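Before any comments, here is the structure.
Each reported figure results from applying straightforward, stated rules to the coordinates on display, with no laboratory input. Just so it is clear, the model here is predicted, and its values are computed rather than measured. Methodologically, a virtual Cβ is constructed for each residue, glycine included, from the backbone with ideal geometry; neighbour enumeration extends over all protein chains shown.
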Amino acid sequence: MSGATIRRRGGARRTWWGSWAWFSALGLAVLLPWIIFDWRHGRHDGFAVALLTQTAIMSVFALSYNMLSGQSGLLSFGHAVFLGLPAYVTIHVMNAIAAGHLWIPEELLPLVGGISGLLFAALFGYPTTRQRATAFAMITFGIGELVTAAATMFQGFFGGEGGVTADRALNTSLLGLSYEPAIEVYYLALAWTVIAVVLMRLLARTPLGRMAEACRDNHERVRFLGYDPHGIRFCQFALSGFFAGIAGALYAMTYEIVTYDAVGATLSGNALFMTFIGGVGVFWGPIVGAVLVVIMQSWVGLVSNAWQIYVGVLFIAMVMYAPGGLAGLIVLHGPVWQEGRIQALLLSYARVALPGLLAVLGFVALVELGSSVMLGEHEKGAVRLFGGALDPASPWLWGGGAALLLIGGSIARRQGRALAARWALIAEGTSAG
Amino acid sequence: MTPALALRDVHKSFGATRIIQGVSLEIRRGERHAIIGPNGAGKTTLFNLISGRLPVSSGVIALNGRPIQNRSPQKIRRLGLTRSFQIISFFHRLSVLDNLRCALLWPLGYRVAFWRLLDRERRLNQAAEEWLERLALTARRDVQAGALSYAEQRALEIGLTVAGGAEVVLLDEPTAGMDRGEADRTTALIREITQGKTLVMVEHDMNVVFGLADRISVLVYGHLIASGAPGDVRGDPAVQEAYLGAEAA
């Protein structure tokens, strides 16, 4: 009896907390274009709106990837296929609408992407999901390569190297919008992101979603409960393709061009990075990962040529030290936070963070120096770093960077062990109390 | 009356190694049947053949008169035969409740329904809660299955097997690794939840075997050397020599 009461109370608190977080995230997404506003010219900041739109698209894409990796335990190396092919379909449909062959409301184009994603995923997924584990991963990689190769060979559908372009101002809006301004596309993308997120969240709570998790944990036992694991993996794969397809349609509408990049290994890799950096074990983890990777890609990409190195190192660091991803770390702190014991950890965190920050600075310095040498920019004389012009030939800079990295890194490592010990102590107290 | 489960001259070889060598056995409807035998006798292999985990080399296995040998585990399960595993085998990252719901989904006809919410399905949840109670796991409802104690895990393993309502139940060493008290509680649980079902179990614990079984079969190196009521089997000289005698010595 008392167990039930505690459970219901805990459940209610979790729901309240959960919806609060979701609504503030949504509020932020709605308001951000107005917070980052270009007041000097009285218009939206183009870069910020582009970044936000990309984040929305990539969130849907990463969540659809996590329907495979996190929920079903299937590691795909070709998920971009189910964003890219629907993006091609959508851009052809846009052109058909513009030419007057078709009439589809612009707001419903993501559904076109979704349905084509579902069909492509069902087609490729049927043989693929006969396998699991390594064989599954290899086949998805093969499909990714196959479709990329096809994209450069079959000019009619894929448009060759140049890709296929379209104009998103179609005049078929149900809301009377032109979709010429990027901000209108952003809000459309956001609306569809909300729809997709809600649907994926609900899907995880259905018999299919739960059986997919059961297959992940123990695919053999599932059979002795009457289920065919192939059928479960297939349904999950096809539905994952539906949501990736929604992302694909939004991609086509946002960029008005689709090239073979949209089906390629880099984008497939990004799905994997976003999902694992954000966290596979928590539903909203991939959204966190998408935000972070898009920021690194675009923002860091503006100031550094080496953003991919940072994403890669972050990915490796997460897999090694926090396999639950960022969301996993946050969730881990939930009980400690509720018990009000988080203060006891702050000092330990600071002890790790300060030397850690120095190590990161040293690492960034080395990477930037290295990348400028590689790219030959040193011939121009200087690297811009931390607000100043630096000479990449100077041994002091290299030595200083290496020293920061090594000394900061080793101190952070030692303090990290102390933190882990302290954490274990506090976590034990939490579970006991 | 057709036996619930019938094996006719079942053979199984792995390469040149013959594990099951011509086993014929009839399990009557509603009986509790124990299969005993020394380690390596092929008891678990026999379960794997019956439940479709392994294909037979030759022979017929019939469930309610219907041949099921070499069919997939899920087909056999849908025809009404379920099994548990000697090495605990459930969904360790799902909650106890969700484990039981997974066992109930197919029998209740949900299949891959992706348009229904688990928490809204009253029939499903009522059945799952009832099972939690019967297994004495209600207090552990929302705990990840992997975090249960050993005895609780064994109880969940049995529950996962029986919850779906299959009429023929195979239990593979349900009390393995338990102390006397735990084994007694598990025996009582098995007796209760297999009421009206046909039970076949592999068991090493003779207290459990003689306390629970209506009939006993003895398997030694792939051969069935005896089959009958507990008293008859206990008195069978071949059994005493091959199995009970070896244990006494």
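Between B:Ala136 and B:Phe210, how high is the FRET efficiency from 1/(1 + (r/R0)^6) when r is the Cβ-Cβ distance and R₀ = 25 Å? Nearest 0.05.
It comes out at approximately 0.50.
If you take the alpha carbon radius of gyration of the stretch B:5-248 and divide it by 2.2 N^0.38 Å, what ratio comes out, to two decimals?
1.03
Pick out the long, greasy-scoring helices in chain A: whole DSSP H runs spanning 27 Å or more along their own axis by Cα, mean Kyte-Doolittle at least 0.5.
A:46-72, A:109-128, A:133-153, A:182-203, A:229-255, A:343-375
Applying the Karplus parametrisation 6.51 cos²θ - 1.76 cosθ + 1.60 with θ = phi - 60° to the phi angles of the stretch B:118-134, what ³J(HN,Hα) value in whole Hz is obtained for each residue in order, glycine and proline being reported as x?
Running phi through 6.51 cos²θ - 1.76 cosθ + 1.60 with θ = phi - 60° gives 3, 5, 8, 8, 4, 4, 4, 6, 4, 4, 5, 5, 4, 5, 4, 5, 4 Hz.
Note down the relative contact order for the stretch A:194-348 as a percent, whole number, built from C-alpha pairs under 8 angstrom at least six residues apart.
Relative contact order here is 16 percent.
So what's the projected area for the stretch A:88-175, the Cα convex hull averaged over all directions, in nm²?
Its Cα hull, projected and averaged over all orientations, spans 6.9 nm².
Viscosity 0.692 mPa s, temperature 37 °C: give me the Stokes-Einstein translational D for chain A in µm²/s, with Rh taken as the Kirkwood radius over C-alpha pairs.
137 µm²/s
In debye to the nearest 20, how big a dipole does the protein assembly as shown give about its Cα centre with +1 on each Lys and Arg Cβ and -1 on each Asp and Glu Cβ?
1380 debye
When the chain is fully extended, how far beyond the present Cα-Cα distance does A:Arg201 get from A:Phe154, taking 0.36 nm per residue of separation?
13.2 nm
Run the simple label-point estimate for A:Ala98 and B:Arg123 please: 7 Å along Cα→C-beta, distance reported in nm.
5.3 nm
Write down the Å³ per residue value for the convex hull defined by the alpha carbon atoms of the stretch A:181-224.
With only Cα atoms used, the stretch A:181-224 gives 65 Å³ per residue.
Within a 10 angstrom radius of the beta carbon, how do B:Asp179, B:Asp184, B:Asp172 rank from fewest other beta carbons to most?
With the fewest neighbours first, B:Asp179, B:Asp184, B:Asp172 line up as B:Asp179, B:Asp184, B:Asp172.
Using a 10 Å cut-off around each Cβ, can you sort B:Arg122, B:Arg53 from fewest to most neighbouring Cβ atoms?
Exposure proxy ranking, most exposed first: B:Arg122, B:Arg53.
Work out the length of the dipole vector of the stretch A:25-321 about its Cα centre, built from +1 on the beta-carbon of each Lys and Arg and -1 on the beta-carbon of each Asp and Glu, and round it to the nearest 20 debye.
Rounded to the nearest 20 debye, it is 860 debye.
Sort B:Cys102, A:Cys235 so the one with the fewest other Cβ atoms within 10 Å of its own Cβ comes first.
By the 10 Å Cβ count, ascending, the order reads A:Cys235, B:Cys102.
Bin width 10 Å, alpha-carbon pairs only: give the P(r) of the stretch A:251-409 as whole percents, running from 0 to the bin holding the largest distance.
Binned Cα distances yield the sequence 10, 28, 32, 22, 8, 1.
Considering chain A as a Gaussian network with a 10 Å cut-off on Cα pairs, which listed residue, A:Ser173, A:Ser268, A:Ser394, attains the greatest mean-square fluctuation?
Comparing A:Ser173, A:Ser268, A:Ser394 in a Gaussian network model of chain A, the most mobile one is A:Ser394.
Shape verdict for the stretch A:160-239, please, from the Cα gyration tensor: rounded (a/c under 1.5), prolate (a/b greater than b/c) or oblate.
prolate
Normalise the Debye intensity by I(0) for the stretch A:291-354, one equal point scatterer per Cα, no solvent, then take log10 at q = 0.18, 0.23, 0.24 Å⁻¹ and round to two decimals.
Debye curve over Cα of the stretch A:291-354, log10 I(q)/I(0) at q = 0.18, 0.23, 0.24 Å⁻¹: -0.84, -1.01, -1.03.
Using a Gaussian network model of chain B with C-alpha springs under 10 Å, which one of B:Ala229, B:Ala113, B:Ala183 is most mobile by mean-square fluctuation?
Residue with maximal mean-square fluctuation among B:Ala229, B:Ala113, B:Ala183: B:Ala113.
Where the eigenvalues come from the Cα gyration tensor of the stretch A:22-161, what are the semi-axes √(5λ) of the equivalent ellipsoid, largest first, in whole Å?
Working from the Cα gyration tensor, I get semi-axes of 32, 23, 14 Å.
Calculate how many DSSP beta bridges within the protein assembly as shown are antiparallel, expressed in % of all such bridges and rounded to the nearest 5.
65 percent
Among A:Phe141, A:Phe237, A:Phe47, whose mean-square fluctuation peaks in a Gaussian network model of chain A (Cα, cutoff 10 Å)?
In the Gaussian network model the winner is A:Phe47.
Between 0 and 90 degrees, rounded to the nearest ten: what's the tilt of helix B:150-162 against the longest Cα principal axis of chain B?
Here the helix axis deviates by roughly 90 degrees.
Evaluate the distance, in nm, between pseudo-label points positioned 7 Å from the Cα of A:Met374 and of A:Trp396 along their respective Cα→Cβ axes.
2.7 nm
At what distance in nm do the modelled label points of A:Ala424 and B:Glu182 sit from each other, each positioned 7 Å from its Cα along Cα→Cβ?
In this crude label model, A:Ala424 to B:Glu182 measures out at 2.5 nm.
For an R0 of 35 angstrom, estimate the FRET efficiency from the Cβ-Cβ distance between B:Thr2 and B:Tyr221 and round to the nearest 0.05.
Calculated value: 0.75.
Could you grab the Rg to Rh ratio for the stretch B:183-241? Cα atoms only, Kirkwood for Rh.
0.99
Could you give the size of the charge dipole of the stretch B:148-210 about its Cα centre, using +1 on the Cβ of each K and R and -1 on the Cβ of each D and E, expressed in debye and rounded to the nearest 20?
160 debye
In straight Cα distance, which aspartates and glutamates are under 15 Å from B:Lys75, not counting same-chain residues fewer than 8 positions off?
B:Lys75 reaches A:Glu220, A:Asp228, B:Glu167.
Using Cα-Cα distances under 8 Å and only pairs 6 or more residues apart, what relative contact order does the stretch A:25-321 have, in percent?
35 percent
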